[in-house]
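The values are calculated or read from the model by the stated rules, or taken from the named source; none is laboratory data. None of the values given here were measured: they were computed from a predicted structure. Here Cβ is always computed from backbone atoms with ideal geometry, including for glycine, and neighbour counts include all displayed protein chains.
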Amino acid sequence: MRKKRLILILFSIAIFFTAFSCGKKADPTPKGLAVPEDVTDLKGEVKDGVLFISFTVPYRNKDGTEAKNLKGFKLYKGYGGYMGTFEPIKDIRLSDTYGFTIYGGRLYIFDDDLVEGGVYSYKVIPYTDTFRCNESNIFTIRWESTPDKPKIVRIEESDGSVEITWQGQPGLMYNVYRRTGNEYPLFPVNDRPLMISNFKDTGLENDKTYIYEVRAIREKNGLLWEGSGEKIRAIPIDKTPPAVPGGLKAIKEEKSIRLTWVQVVDTDLAGYNIYRVYGDKREKLTNTPIKENFFTDTEFPNVRYVSYYVTSVDLKGNESEPSQEQIIILRE
């Protein structure tokens, strides 16, 4: 009788630990049921002063077919390390359009409920309408404070580019993020963490508002700890003048001097400015740029020689270099 009671007690203990073990596997796969592949690459990254958890979404089943029945993931968080107690903190439903981001086949979700010195572990469990899949690998981190926001020193807005300079600190690296709307930038515009304290972003659209954020990074034990940054706005400005007018000709008529030149082809051309030079004087003959590629001067001075040159001007007011001057002899 005592032997039977001992066997019953041991059997009950075995059932208890099987049911409540944190690392237990899903139920055996029913025969013929299409089950999504396991998540094996879950990892964590410290970005913007919070922890981003990411993993590859299993778009295929273990039998190679498309995982059409995958509905979402349960995200679990453990307190006190790998062997701590795990609690569900997020139900990630793929049908939702908020709460997570999928980029390059990886799903990203962040956790900002962290205390300095605390040890946290994470895992996810995919699920379908009818089946709970295997647990993922576990990522563990001991949380630390992240670097302070860098102080922006200067922003230079130029033609199709923005250059940002900030106050660097010894032992830190930097990432620069850019966005144009409300979308959150997951990745920096720089290819790798910057060791210097300035960055020039090129290939931008003029007159468009860009929002930048410079974040400091500290490396420790192979992990990059990135803090938050100060958001700044910048608008690239067109500073490139149009082409120089060519083929300027000046012809003296009875009571006027007629100028002609080759039309400049430019999408944002505003027109042309005409200049007259004699002695040590230079006069601008146009109050605003003219659109025609000809001009008649009827009020030239009573001097022996006079010369003319033309510039082109764009809609932003950028003015080209002068054309080749043409000299007219007014009297012998």
Scan the range 147-161 and tell me whether some residue there is closer than 26 Å to Asn221 by Cα, β-branched (Val, Ile, Thr) and surrounded by fewer than 14 Cβ atoms within 10 Å (Cβ to Cβ). no
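So that you can scan it fast, the table gives a plain yes or no per residue for (1) hydroxyl-bearing (Ser, Thr, Tyr); (2) in contact with a Gly (Cβ under 7 Å, 6 or more places away or on another chain); (3) under 30 Å from Ile327 (Cα atoms); (4) free of Cβ contacts under 8 Å to residues at least 24 places away in the same chain:
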| position | (1), (2), (3), (4) |
| --- | --- |
| Phe199 | no, no, no, no |
| Thr202 | yes, yes, no, no |
| Lys208 | no, no, no, no |
| Lys239 | no, no, no, no |
| Ile251 | no, no, yes, yes |
| Trp261 | no, yes, yes, no |
| Lys281 | no, no, yes, yes |
Only one of (1) exposed (fewer than 10 other Cβ atoms within 10 Å of the Cβ); (2) at pLDDT below 75 fails for Ala26. Which number is that? (1)
Filter the range 290-307 for residues that are in contact with a Phe, Trp or Tyr (Cβ under 7 Å, 6 or more places away or on another chain) and either buried (at least 18 other Cβ atoms within 10 Å of the Cβ) or among the hydrophobic types (A, V, I, L, M, F, W, C) (or both) and give the result. Ile290, Asn293, Val303, Val306
Filter result for Gly227 (modelled with pLDDT of 95 or more, closer than 30 Å to Leu315 by Cα and not assigned by TED's automatic domain parsing to the domain that holds Phe52): no
Filtering the range 218-248 for residues that are in a loop (DSSP other than H, G, I, E, B) and not small (Gly, Ala, Ser) leaves a count of 11
Suppose we keep only residues that are over 14 Å from the mean Cα position of the chain (by Cα) and in a loop (DSSP other than H, G, I, E, B) within the range 166-186. Which one would you say is surrounded by the most Cβ atoms within 10 Å (Cβ to Cβ)? Leu172
Lys208, sole failed condition from (1) surrounded by 13 or more Cβ atoms within 10 Å (Cβ to Cβ); (2) under 30 Å from Asn273 (Cβ atoms); (3) among the basic types (Lys, Arg): (1)
Tally the residues that are within 23 Å of Ile328 (Cα to Cα) and either out of contact with any strand residue (DSSP E or B) (no Cβ under 8 Å at 6 or more places or on another chain) or not assigned by TED's automatic domain parsing to the domain that holds Ile251 (or both), restricting the search to the range 261-286. 4
Odd one out for Phe139, checked against (1) surrounded by 18 or more Cβ atoms within 10 Å (Cβ to Cβ); (2) hydrophobic (A, V, I, L, M, F, W, C); (3) farther than 30 Å from Asp41 by Cβ: (3)
Test set (1) among the acidic types (Asp, Glu); (2) more than 25 Å from Tyr184 (Cα to Cα); (3) surrounded by fewer than 14 Cβ atoms within 10 Å (Cβ to Cβ) - Asp112 fails condition number: (2)
For Ile102, indicate whether it is without any contact (Cβ under 8 Å) to a residue 60 or more places away in the chain and among the hydrophobic types (A, V, I, L, M, F, W, C). yes
What's the total number of residues in the range 187-208 that are within 13 Å of the chain's Cα centre (by Cα) and assigned to a loop (DSSP other than H, G, I, E, B)? 8
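The rows are residues; the columns are (1) acidic (Asp, Glu); (2) assigned to a strand (DSSP E or B); (3) closer than 11 Å to Pro245 by Cβ; (4) more than 46 Å from the chain's Cα centre (by Cα).
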site	(1), (2), (3), (4)
Gly271	no, yes, yes, no
Ile274	no, yes, yes, no
Val277	no, yes, no, yes
Glu283	yes, yes, no, yes
Phe300	no, no, no, yes
Lys316	no, no, no, no
Glu321	yes, no, yes, no
Looking at Ala234, Ala243, Ala216, which one is more than 16 Å from Lys47 (Cα to Cα), among the aliphatic types (A, V, I, L, M), buried (at least 17 other Cβ atoms within 10 Å of the Cβ) and at pLDDT 95 or above? Ala234
